[in-house]
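Step one of this worksheet: look at the structure below.
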Amino acid sequence: MNTVWIILAPLIGGLLYGVERIVRARMQGRKGPPLLQPFYDMFKLLDKRPLLVNPAHVLLGIMHFITLWIAVGLIITGTNLLFVIFVHLLASIFLVASGFSVRSVYSHIGANRELLTMVAYEPLLILIAAGFYLKNGYFSIELIHEGEPLLGSLWMLFGALLLVIPIKLKKSPFDAAEAHQEIVGGVEVEYSGVYFEFLYMAKWLEYIFVYLLVILFAGNSVMMAIVLVSSVFLLVNLVDNATARVRIPHLIAITLGIGLTLSILNLIGVGYGL
Amino acid sequence: MGRKIIDIPLGSQHISLLEPIKFRFACENEKIVDVSSDVGFVHRGIEKACTTKFAYDAVPYVVARICGLCAITHSLAYTTAAESLLEGVVTRRAKYLRMLLVELDRIHSHMLCLSHTAENAGFEAMFMRIMGDRESVMDIQERITGNRVQFDYVSIGGVNRDITTDIEKEIRKTLAFIREKTHGYLEEFTTNWSLSLKFKGVGVLTLDEAYRYNAIGPLARAAGLATDVRSETDYLPYNEIGYEMRVGEGGDIYSRNIVRLFEILNSITMCENILGGLPEGEIQTKMKGKPTGEALVRLEAPRGELMYYIRGEGKAMLSRVRIKTPTFASIPAFIEVFKGSEYADAPAILASFDPCMSCTAK
Amino acid sequence: MDFSRYRKRSPWILHYNAGSCNGCDIEILAALSPRYDLERFGVLNSGNPKQSDIFLVTGPVTYRSRERLVELYNQMPEPKVVIALGSCTCTGGVFRGMYNVEDGIDRYIPVDVYIPGCAASPELIIDGVVQALDILEKKTKERENAKRLYSEPTTENGITDRSNSAQKIGTGGFSPEEMKPNSPERRENEED
Amino acid sequence: MKKIETTLESVVSDLTAFYDYKVWEFLTLNGVAIDEGTTEIQWIFSRYGAIDDVVIYYAPVKNSETVPSVVDLIPSAIISQREIVDMFGITVENSEKGLYLDEDSLSAPLATCRI
């Protein structure tokens, strides 16, 4: 069963991305693309003549995709949460390295910004894992899914996760790493055709990754998981449609400032059993 | 670690640019320390063509093609200059209709600038909102003139089409709609937290720099320099229709946006006053003779002062047409503003200048 | 597997202004805005030549934008289509014969769809893009070259020579005289 | 519109005496081809806040002569000086060619007077 889910993960992510493009268009008063648009894009990219910049660049891009898929797979199989977060970190590092492997200035700036955003969100992810550990005494995702919903006691950590989501999904106000109007997509600027495909699908996997993290807070309650995912989805899109992009220094200050405060308060609270 | 300076190019093809202009920002950790620019990508040679290929009465339609956004101001400035050489008098109705179109043009041009600034700041929804509302202004322009963008409304002697009571009703309706929307934008631009991070105190042109670098238009007015050609000339009776100058303070992107928003509101009022007091009469007067002598005309385009200098020697072809466009004069000021800002802000700063490269290079 | 039928469902556009009056460029923006909403056809304004399928060019090609035009065209992976947007892009329009323009982009790159109009309205742009999609579907992945190649400018004695930067290749190109259609000699001949 | 004649030697001192940057707005630098080989260069100013108060300083310039730069006085003149260099083929101090024109463009397109 898990294998099926792991194989389906990118496809579900693609669907989610398709839904999101429609939701965003409707919020802007437009009709928007068809639901299956991301898949049309995918098939079209497969059909393009490949342009290779250098082998390392392409290889690192593919590694990013595969590592990310492994991270998603590990969540689905229910292993150690901390381990998942470090695998995900590794995936991000591949992306940064691919950005630095070409000569494009935009790619370098993008990779640099990607690194800086990692500074902002990785501590929060680790603290979230720590929160689960303090509460339950284990990192195992499988056990978390079997336990009671933890949103009640870890709601501040959930707030910190909400700050991470726009960064990972490249949404306003925290989309500086991609910043289409400034650096034309950052690290992805030199990818084309079938190689860009991997980065494009990696984006879908990021959707799955963050929403699987959201589901963790719902524990064994399926109802609550659905409610959480759909409300977070709407919230992220609403915020995306109501804000401008903030600069990297602001991004770091805001996420670390608010996120660290929330998570540490929560950890202290859990630690002392408040 | 030593200081590492990297060159970041912006243009000539870039997603945040509509037009080809190339900037090369020498940056230190994304902070801009030096700027060089190349503005000649759109040079077509219109000044030369106006004196060698087209007779003086065809030139209004040629100079309109300098820029698609301020086409009406270009042809109007040229016609005013030519009319003063021909010593003809334009009827008051024609003057009012000309002012109506110039102000409608200003409304949609400012709206475009605001939406573009918002988009370059990463606020796509705002871009869509303003662009969607802007269509209603384009619609009434199409109703009045027959075309959305290059609408050759002005000709030597007057204007080419009259408006009917039907159209007048429609214009009033649209103006009321735009006014309501503009108040909405005003609230969004002043209260949105992420926009204030992006706009307040960013891209500052001080008052002294505005004087030094001869900034014009909204750029100068946002810095507190009270200059507007609409109050410095008298070819068009702006004093009769309730023109008010709005001067901002601070000279940052935020202040430029606010100045533009208030100018939209003022232009709406002016358009309503024009419709209210539209004089009766013909829309065209015949002009005889060939232009002789030299004339200099200034007009306030949406981006600032537009100057035409023409010289004719009694022939069908003029001997000189000199066009000074608003963006051309502001380029030195742009460069000054860029120095010291963040590269991340560069696209938004650039959009807030409302640059028009096809005007600049002609 | 044949993916070519998906091409027309996901056209990403690259826009380049080669010296237009920006009337058409604004109309492209208007076509992306809520009233016309090009995105419902899957159109994305990517701004990156390497990830685009439709090359939307406006303007009559000024001398300085020639190399950029050819370079962008060459960077786009096949299959690709080129749309000449606006009268001056198709033929030079009102700018035809001015000394610094090249009278239309088809001197440099092969054009698939011509959209006339000064300025082309958003409806026309949508029509043109939809037309281009049919052409895109039929294209092969064979390499398509610009009519003239771009080469690096040479620098001699501190003077940069860019006159070879858009050279003709193969046969069926233009003779060297024709390459500068607006040279003063030729214009004088025309006027006589 | 007031036209004041000046010469290339005295233009900088004339403008220094005349130009107060808080009173006058420098509009642009203009050139008009008078006849073969001579161009009339104009420095155009307008007064802030006054109705149509335009002052033009002008000087006839032979194509062999060098026009002095006024950038020290008026920083924004740099771009119009470069334009004049391109369009009329005359030399202006500290202003290089190539703002608009490329190597294979028609050189000095406005230099010859067609009348």
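Candidate cross-link partners of residue B:48 among the aspartates and glutamates, defined by an alpha-carbon separation under 13 Å and a same-chain spacing of 8 or more, comprise D:86. Counting Cβ atoms of other protein chains within 10 Å of each residue's Cβ and taking the mean over peptide A:161-171 gives 0. Surface composition of region D:2-92: carbon and sulfur atoms hold 52% of the protein heavy-atom accessible area at a 1.4 Å probe.
Counting only aspartates and glutamates at least 8 places from residue A:135 when in the same chain, those with an alpha carbon closer than 17 Å to its own are A:146, A:148. Placing R0 at 35 angstrom, the Cβ-Cβ distance between residue B:183 and residue B:206 gives a FRET efficiency of 0.75 after rounding to 0.05. Among B:57, B:208, B:345, the residue with the largest mean-square fluctuation in a Gaussian network model of chain B, with springs joining Cα atoms closer than 10 Å, is B:208.
Between residue B:288 and residue A:19, what's the calculated FRET efficiency when r is the beta-carbon distance and R0 is 60 Å? Round to 0.05. E between residue B:288 and residue A:19, to the nearest 0.05, is 0.30. Surface composition of chain A: carbon plus sulfur atoms hold 75% of the accessible area, using a 1.4 angstrom probe and ignoring ligands, DNA and RNA.
Taking both sides together, the accessible area buried where C meets A is about 2600 Å² for a 1.4 Å probe. Rolling a 1.4 angstrom probe over region B:43-341 with all protein chains present gives an accessible area of which 48% lies on carbon and sulfur atoms. The gain in end-to-end length when the residue B:92 to residue B:6 segment is fully stretched comes to 25.2 nm, 0.36 nm per residue minus the alpha carbon separation.
Which residue, D:16, D:28, D:91, has the most motion in a Gaussian network model of chain D that connects Cα atoms within less than 10 Å? Answer for the Gaussian network model of chain D: D:16. Using only Cα atoms, find the angle between the long axis of helix B:71-86 and the longest principal axis of chain B, and express it within 0 to 90 degrees, rounded to the nearest 10. Roughly 40 degrees between the two axes.
Take the Cα atoms of region D:2-92, build their convex hull, and give its volume per residue in Å³.
Numbers: hull volume 8.0 nm³, N = 91.
So the per-residue Cα hull volume is 88 Å³.
Placing dummy labels 7 Å off each Cα toward the beta-carbon, the span from residue B:339 to residue D:35 is 4.5 nm. Measuring from centroid to centroid over Cα atoms, what is the spacing of region C:49-100 and region B:29-51 in Å? First find each Cα centre; the distance between them is then 19 Å. Which whole number in µm²/s is D for region A:85-181 by Stokes-Einstein, with the Kirkwood Rh taken over Cα pairs at 20 °C and 1.002 mPa s? Rounded to a whole number, D works out at 143 µm²/s. Using a simple spin-label model with pseudo-atoms 7 Å out from Cα toward Cβ, residue B:164 and residue C:5 lie 4.9 nm apart. Taking max minus min of the alpha-carbon positions on each principal axis, the protein assembly as shown gives extents of 94, 64, 61 Å, largest first. Both radii were evaluated on the Cα set of region A:2-271; the Rg over Rh quotient, with Rh as the Kirkwood radius, amounts to 0.95. In the context of the full set of protein chains, residues of the protein assembly as shown present 35 Å² of accessible surface per residue (probe radius 1.4 Å, heavy atoms only).
Largest mean-square fluctuation among A:57, A:250, A:145, in a Gaussian network model of chain A whose springs join Cα atoms under 10 Å apart, belongs to A:250. FRET efficiency for the pair residue A:268 and residue B:176, taken as 1/(1 + (r/R0)^6) with r the Cβ-Cβ distance and R0 = 45 Å, rounds to 0.20. Checking every one of the trypsin sites (Lys or Arg not before Pro) in region A:1-105 against DSSP loop status and a limit of 16 other Cβ atoms within 10 Å picks out A:31, A:103. Straight-distance candidates among the lysines for linking to residue B:200, with alpha-carbon spacing under 26 Å and chain neighbours fewer than 8 residues away dropped: A:170, A:171, B:22, B:31, B:181, B:339. Remark: accessible area buried at the C-B interface is about 3300 Å², both chains counted, probe radius 1.4 Å. Peptides C:63-73, B:69-79, B:110-120, B:241-251 ranked from most to least packed give B:69-79, B:110-120, C:63-73, B:241-251, packing being the mean of other C-beta atoms within 10 angstrom over each peptide's residues. Extending 7 Å from the Cα toward the beta-carbon at both residue C:140 and residue B:58 defines two label points whose distance is 4.6 nm.
The values are calculated or read from the model by the stated rules, or taken from the named source; none is laboratory data. Quantities reported herein were computed from a predicted structural model and do not represent experimental measurements. A quick note on method: Cβ atoms are made from the backbone with ideal geometry, for glycine too, and the neighbour counts reach across all protein chains shown. For accessibility, only protein heavy atoms count, side chains too; no ligands or nucleic acids. Shrake-Rupley method; radii C 1.70, N 1.55, O 1.52, S 1.80 Å.
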